[in-house]
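Data first, discussion second: the structure below is written as structure tokens.
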Amino acid sequence: MESRKINYFKHDSAIIDEGAQIGEGSKIWHFSHVMGTAIIGRGCNLGQNVYIDAQVVIGDGVKIQNNVSVYQGVEIGDDCFLGPSCVFTNVTNPRSEVVRRHEYKKTKLGNGVTIGANATVVCGIELGDYVFVGAGAVVTKSFPAFAMVVGCPAIQKGWMSAYGEKLVFDEQGEAKCVQSGVVYRLENGIVEKL
């Protein structure tokens, strides 16, 4: 039997099922469980009591805080942050006595997305790059890149830079991130870095 080199950290209490793909330099902490067909990128950090379901795809550099469940059908881009106890769903109308595994809906997070603590992301939506979801929000629809969303159900309250600072656009539709100095343009409801 050929032995496979493990190039990631796994706490003794974590469970990683056979067949899971875990990228170099990733860390999987106490009591976490990664199902066998999950794919986790390089340099990720899965906190305590994290569950990664079958067929979930996670990009590079993703930080998943304690008590997060990521269910089948979710795809997470690079450098995302999932706050403590946030949850993803995969069926819109679950019933215990009705099997709906063939009805799982896809949910996609672009690169750099932040999901706040205790937020819920309902399945079948897409969050563009660098969307910022506030703590406790319930996201029931898609939002474009750089949107800042809060509430239940979540609504857009503005825009946020890739650096995590609120963007305030002038009459020409431009805003400068106060921390990074990067300039952004808002045109026809779409924000782009200049």
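Consider only pairs whose beta carbons are under 8 Å apart and that are at least six residues apart or on different chains; among these, list those whose first residue lies in the range 176-191 and is polar (S, T, N, Q) and whose second residue is surrounded by 12 or more Cβ atoms within 10 Å (Cβ to Cβ) and not in a strand (DSSP E or B).
Every condition considered, the pairs that remain are Q179/S161; Q179/Y163; Q179/G164; Q179/E165; S180/S161; S180/A162; S180/Y163; S180/E165.
Is at least one residue of the range 80-103 open to solvent by less than 50 Å² (accessible area, probe 1.4 Å), part of a loop (DSSP other than H, G, I, E, B) and closer than 17 Å to Y163 by Cβ?
yes
The values are calculated or read from the model by the stated rules, or taken from the named source; none is laboratory data. This structure is a prediction, so every number in the text was calculated from the model and none was measured. FYI the Cβ positions are ideal-geometry reconstructions off the backbone, even for glycines, and counts take in every protein chain you see. What goes into the accessible areas is simple: the full protein's heavy atoms, side chains included, and nothing from ligands, DNA or RNA. Shrake-Rupley method; radii C 1.70, N 1.55, O 1.52, S 1.80 Å.
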